[in-house]
Amino acid sequence: MAKRQSALASVYHRGMHGQPGEPGVRLQEIADLNLVQIAAWPDMLGSAAKDVAHAIGADQAPGPGHAVSTEQGTALRVEALKWWLLDCGMPTLDAKTAVCLDLSHSRTRILVSGPEASVCLNRLLPLDLRPDRFGVNQVANAGIHHVGVTLRRSDAGYELFVPRGFAVSLWELLVETAEQFGLEII
């Protein structure tokens with residue numbers, strides 16, 4: 001198998017940028033994304049949900065706009081009939097219940113963290129990211145400059161899943177926006 005090349009390799013410059021002092025925002029590409037999409041048939045949603053829960057070792061699959069994490073992986077409910085599985089491989093499903101698609105090479109995963117992460121992202125995303133409105137393990141689909149992205153809030157910060165073909169331009173927007181808060185690229 002060919003070694004995966006980061007879409008951000010040419011523009012990924014580690015270190016401090018922007019305002020001097022403690023960084024308000026930290027950006028980090030999470031390499032080697034393992035992402036599988038499970039799409040259920042409408043009349044088999046319940047069965048597919050059980051399969052998703054089983055794939056990550058959870059009691060139940062997440063509902064719309066939420067994520068569930070276990071030691072075996074994470075499931076994100078990204079659409080009414082779709083889940084994304086992170087870091088748990090390709091499950092074996094009955095094709096009468098749902099279908100699987102490996103999306104690992106189609107997205108770039110960026111972690112946005114730090115005390116000013118939500119303020120920085122709110123300059124780009126039309127979402128209310130206050131902790132009482134968008135808490136840990138919530139998921140949303142939105143757009144940055146007309147590019148569809150998926151956002152998940154984890155314990156580590158905000159995880160952005162951006163289409164690989166737009167990764168460089170969205171990264172440059174993130175860097176430019178974050179520099180005003182003091183930026184560290186990890």
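Placing unit charges on the Cβ atoms only, positive for Lys and Arg and negative for Asp and Glu, gives the stretch 35-102 a dipole magnitude near 140 debye about its Cα centre. In this simple spin-label model, placing a label point 7 Å from the Cα along the Cα-to-Cβ direction at both R133 and S10 gives a separation of 3.7 nm. Within the chain, DSSP assigns beta bridges of which about 95% are antiparallel (rounded to the nearest 5). For the chain, a simple Cβ point-charge model (Lys and Arg +1, Asp and Glu -1, everything else neutral) yields a dipole of about 280 debye relative to the Cα centre. Compared with the dominant principal axis of the Cα atoms in the chain, helix 45-56 is inclined by about 60°. The residue among S154, T97, T74 whose Cα reaches farthest toward the positive pole of the charge dipole of the chain, with charges on the beta-carbon of Lys, Arg, Asp and Glu, is T97. Which listed residue (L45, F134, G57) has the Cα farthest towards the positive end of the charge dipole for the stretch 10-159, taking +1 on Lys and Arg C-beta and -1 on Asp and Glu C-beta about the Cα centre? Going by the charge dipole, the pick is F134. Remark: spin-label model distance E176-N141 equals 2.7 nm, labels positioned 7 Å along the Cα→Cβ axis. Summing Lys and Arg as +1 and Asp and Glu as -1 over all other residues whose Cβ lies under 10 Å from the Cβ of G114 gives a net charge of -2.
Coordinate range of the alpha-carbon atoms in the stretch 1-123 per principal axis, descending: 56, 35, 26 Å. Using alpha-carbon positions, what is the distance between the centroids of the stretch 28-82 and the stretch 105-163, in Å? What the calculation gives is 18 Å, centre to centre.
Where in the stretch 36-65 is the amide nitrogen less than 15 Å from a point lying 7 Å along the Cα-to-Cβ axis of Q72? The answer is 48-62. By the Kirkwood approach, averaging reciprocal distances over each pair of separate Cα atoms, the stretch 35-102 gets a hydrodynamic radius of 11.3 Å.
Read the figures in this text as sums done on the coordinates, not as results from a lab. Everything quoted here is computed from the prediction, not taken from an experiment. Virtual Cβ from ideal backbone geometry, glycine too; neighbours counted across all protein chains shown.
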